[in-house]
């Protein structure tokens, strides 16, 4: 069964450093998303991406964040200068063109020290 | 503003009993609702969804009920098993107005006692 994959599973970085989180969505899906979950809290929407551009973004997704689909399979989230409060689980999700359900990857745990 | 919340943060049930997890939403424009199961250290796993033109949908051992009048959503799990122990999130979206960013509730932790 196809699934969303994410790498790395855990990333530790120092405050101020740049990180890139990687995702491989399900191959025939057209809509891509990033969410985050701070420990013990609910999942929060960051950004959606369709047709090679951002469709929507939340207030969390400020100028320090960017997304890219560099090729036909990868979808990345870049945080330019990490802050302590960026520490969270980051989930990638994707969905097909006509279906509404989103399928989530296993997440990347980002720890900023 | 938009919000999706859960009435009970924790639920403990005996193995074999039925479980009911509740969720309230406030955006009357929401037209799509979805339940996810999240096990420790893993990503949200799709369970079942329902569109606003329906009030009930059944899957394998799970049923979702939607009451638009009171903006309430529930997930029923029949014959709960230890493997059902997880945190359950409801989420909503207004697909008519967006590309599908889901708004999640806080989650209910379901514990199944053997």
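Nothing in this text is a laboratory measurement; each read-out follows from the coordinates by a stated rule. Note that the structure is a prediction, hence the values are computed from the model and not measured. As a convention, Cβ positions derive from the backbone with ideal geometry for all residues, glycine included, and neighbour counts pool all protein chains shown.
Tabulated data
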| item | result |
| --- | --- |
| Those strands (runs of 3 or more DSSP E) lying entirely in region B:22-85 with at least 1 residues surrounded by fewer than 20 Cβ atoms within 10 Å (Cβ to Cβ) and touching a residue at least 60 places away in the same chain (Cβ under 8 Å) | B:32-38 |
| Boolean, residue B:83 is away from every other protein chain (no Cβ under 14 Å) and more than 30 Å from residue A:9 (Cα to Cα) | no |
| Test for residue A:97: is it within 30 Å of residue B:52 (Cα to Cα), within 14 Å of chain B (Cβ to nearest Cβ), touching a residue at least 24 places away in the same chain (Cβ under 8 Å) and surrounded by fewer than 16 Cβ atoms within 10 Å (Cβ to Cβ) | yes |
| For residue A:91: the one exception among (1) within 14 Å of chain B (Cβ to nearest Cβ); (2) in a loop (DSSP other than H, G, I, E, B) | (2) |
| Residue list for region A:31-49, filter: more than 13 Å from the chain's Cα centre (by Cα) and surrounded by 16 or more Cβ atoms within 10 Å (Cβ to Cβ) | A:42 |
| Residue count, region A:70-82 (criterion: outside any strand (DSSP E or B) and within 20 Å of residue B:43 (Cβ to Cβ)) | 2 |
| Hits in region B:86-114 - residues which are more than 25 Å from residue A:35 (Cα to Cα), touching a helix residue (DSSP H, G or I) at 6+ places or on another chain (Cβ under 9 Å) and part of a strand (DSSP E or B) | B:112, B:113 |
